[in-house]
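Q: Right, I'll just put the structure down here and ask away after.
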Amino acid sequence: MDSQSLQPFMDTPSHSDTPTPTPTPTASRYENQKRRDWNTFGQYLKNHRPPLSLSRCSGAHVLEFLRYLDQFGKTKVHTAMCPFYGHPNPPGPCPCPLRQAWGSLDALIGRLRAAFEENGGKAEANPFGARAVRLYLREVRDVQSKARGISYEKKKRKRQPPPHQ
Ligand SMILES: [Zn+2]
């Protein structure tokens with residue numbers, strides 16, 4: 001097993017990005033990934049300034065963690081100003097930022113949410129299940145689907161919530 005430092009979270013490259021998270025290939029791979037994610041989050045808490053204990057961790061801290069992970073992202077998310085906005089396969093480079101793909105974040109939160117409770121956390125105090133986290137993921141999905149011309153919700157066309165309150 002390779003040592004896991006702060007280059008933690010493997011993002012899927014954008015070309016292999018799929019609209020829905022793929023089912024886990026095997027249970028043990030899922031378990032391994034979950035343990036790695038949990039360790040990564042523990043490491044993040046340890047390095048947090050000011051120091052943060054798991055019991056005091058809220059949905060807001062989970063959002064901080066997700067934003068922190070964006071620096072390791074490999075998914076190009078075009079801004080509305082970019083000529084490639086809405087193009088899933090842009091013909092050339094552009095200066096838009098790289099982010100974690102929504103599908104990766106969504107799967108990560110699912111694993112951390114399970115790990116939290118397996119490590120003695122109470123379901124009703126699970127920061128990974130916080131409403132703010134759900135709303136954030138939904139916004140990331142909307143932004144990325146618009147930026148890259150991918151529809152994540154092909155079947156039910158719900159009214160879009162406003163992107164900013
Ligand atoms: Zn761009």
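Q: Arranged from highest to lowest average of other beta-carbon atoms within 10 Å per residue, in what order do the peptides 82-92, 102-112 appear?
A: So the peptides 82-92, 102-112, ranked by packing, come out 102-112, 82-92.
Q: Counting Lys and Arg as +1 and Asp and Glu as -1, each charge on the Cβ, what is the dipole of segment 29-152 about the Cα centre in debye, to the nearest 20? Provide the component values of the computation, followed by the final result.
A: On the way: 20 positive and 10 negative charges, 26 e Å.
Here segment 29-152 has a charge dipole of around 120 debye.
Q: Next up: Just subtract the alpha-carbon distance of Ala60 and Glu31 from 0.36 nm times their residue separation and send over the number in nm, one decimal.
A: Taking Ala60 through Glu31 to full extension adds about 7.9 nm, to one decimal.
Q: Can you give me the Cα centroid spacing of segment 120-150 and segment 61-113 in angstrom?
A: Cα centroid of segment 120-150 versus Cα centroid of segment 61-113: 13 Å apart.
Q: For the cross-link pairs Lys76/Lys122; Lys46/Lys74; Lys74/Lys146, which exceed 27 Å when the distance is taken from alpha carbon to alpha carbon?
A: Lys76/Lys122
Q: Checking the a/c ratio against 1.5 first, then a/b against b/c, what shape does the Cα gyration tensor give for segment 29-152?
A: Working: a/c = 2.24, a/b = 2.09, b/c = 1.07.
Prolate.
Q: Now for a separate question. Taking the simple approach of a point 7 Å from Cα along Cα-to-Cβ for both Glu117 and Lys74, what is their distance in nm?
A: A separation of 3.2 nm, rounded to one decimal place.
Each reported figure results from applying straightforward, stated rules to the coordinates on display, with no laboratory input. What you see is a predicted model, and the numbers here were worked out from it, not measured in a lab. Because the Cβ atoms are built from the backbone with ideal geometry, glycine has one as well, and the counts that use them run over all protein chains shown.
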